[in-house]
Amino acid sequence: PGRRSVRHLRGMLEALRRNDPAFDVEPASPWRLVSVDDVIEARTRELHAHGLELSARVDADLPALPESVREALAKLIVEATSNMVKHAAPGPCRMLIEVHDDMLEVVFTNRLLAGARPAVDGGLGLLGARERIQALGGELEATPASGTWILRAQLPIGGE
């Protein structure tokens, strides 16, 4: 019950932020790209420029997702791929976006740089991503496993 209350409170705060002109984002911001597909395309080019090859599989009707979910997904893609640029070993990395029932699942994987010791709680970027996802009733987890970094998010897409 307490966790659900915090989730609802975060959702209300997120809605207030979106509707408050003081929190409005400049039109040139990457958050205001036309679609999630545009974000994926731009981030794929950015990764390629840094020696990373993104394999993206999207098994979801992205335009049909609720606006709040599309916005959170776009921001998560930018955060995850920015972290790849900073911390991933050159080579392949993956992104999978799927919808199961009323749940959107997003999984990012990349090889870690040799000797890297990623913080599971992450820096401010992952903290902000986790808060955005949780504000919408979802979960985000980051895990190193066998030299691979795995970032997984689940977001409900059905009405409550």
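Per residue, the accessible area of the range 45-160 comes to 51 Å², computed with a 1.4 Å probe over protein heavy atoms only.
In this simple spin-label model, placing a label point 7 Å from the Cα along the Cα-to-Cβ direction at both residue 82 and residue 100 gives a separation of 2.9 nm.
Determine, for each peptide in 75-85, 124-134, the mean count of other beta carbons within 10 angstrom over its residues, then list the peptides with the highest first.
Values: 75-85: 21.1, 124-134: 17.0.
Most protected by this proxy first, the peptides run 75-85, 124-134.
The values are calculated or read from the model by the stated rules, or taken from the named source; none is laboratory data. This one's a predicted model, so the numbers in the text were calculated from it and none came from an experiment. For neighbour counting, all protein chains shown are included, and Cβ atoms are generated from backbone atoms with ideal geometry for every residue, glycine included. Surface areas here come from the heavy atoms of the whole protein model, side chains and all, with no ligands, DNA or RNA. Shrake-Rupley method; radii C 1.70, N 1.55, O 1.52, S 1.80 Å.
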